[in-house]
Structure formats: C-alpha cells, structure tokens
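Structure first, then comments.
Read-outs throughout are calculated quantities, based only on the coordinates presented, and are distinct from any laboratory measurement. Note that this is a predicted model, so its numbers are computed, not measured. Cβ: placed from backbone, ideal geometry, glycine included. Neighbour counts: every protein chain shown.
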Amino acid sequence: MKSIFEQQGGTYTMQGDYRLPNLLPPTEEERPIGVWGQRRLNYLKHHRKVLYYNLLTSGKLHSHLADIEEQAQDLFSRLVKEHAEKECITEQLKATDPMKWVKKMNNIRKRVTEMVNTEAIFL
C-alpha cells in the first residue's frame, strides 16, 4: 500500500521529521526576453491575470515570453521590410535625402509597432 505522500505525487524535502512539498516551479531554459516580451508580461499582469498566474505557477511563463519575443520580432522585421518596399523607400533615398528616409522609416516603424502589438502582444 502506498503512503499518502506517494499518492499525492510531487516531490518533498525532509526537514527534520517533516516532509515539506517543493513548491517552486520547475526551472526553465534561459532565453532572452526583449521589449516585446516585456510588453506581453505587462499586459498579462494587468489584463489577463489568470493566464499570468497559470503560466507562472506551471513554470512556463519565461518560455511563453521568449516565444512571443521571437514571433513579434520576426513579424516586426518582416512588416517593416514589406512596407518599405511598398512605399519605395530605398538605399538610394537614404543616400540622397537622409532626413526624408528617416522620417519615412520612423513612420513605418510606428505603424508596424501598432500592428505587432495588436496581432501578437495584446491577445
């Protein structure tokens, strides 16, 4: 017959005569979390609290944020490139009129940031 500790599952640490449950979530692999991951974390903490706590207690929060970071960065890069090509913003424009190039690229980056926030971060 199994003891009550074996039936409940999980792992325990002996402290003197007591078995204390190990309550820390499993460790996750270290992957970088940039601005997109931080935005997602802030959104989860303030608007999706149940999902945030579920990810946190299951030990999957960091990997979720790292995945969102990678997806958002890829989407951002792809959309900036596509919009720049559509609007004929080239290296030639950069060489002949750098201020105009900067203005147009900043405009594209701002619009694409809003798109990425809507499609990847604030879900």
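Quick look at the values:
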| item | result |
| --- | --- |
| For Lys103, net neighbour charge (Lys/Arg +1, Asp/Glu -1) across residues whose Cβ lies under 12 Å away | +3 |
| For the chain, Kirkwood radius (reciprocal of mean inverse C-alpha pair distance, Å) | 18.1 |
| Theoretical ellipticity at 222 nm over the chain - DSSP helices of four or more residues, -39500 (n - 2.57) apiece, nearest 500 | -20500 deg cm²/dmol |
| Amide H contacts under 5 Å for Tyr12, placed H, 5+ residues apart | Asn22 |
| FRET efficiency, 1/(1 + (r/R0)^6) with R0 41 Å, evaluated for Thr11 and Arg48 via beta carbons | 0.90 |
| Label-point gap, in nm, between Glu114 and Asp74 - each point 7 angstrom along Cα→Cβ | 2.6 |
| Percent of Cα pairs exceeding the 16 Å cut-off, where the set is the stretch 48-98 | 61 |
| Under 17 Å from Lys45, Cα to Cα: lysines that are on another chain or at least 8 residues apart | Lys60 |
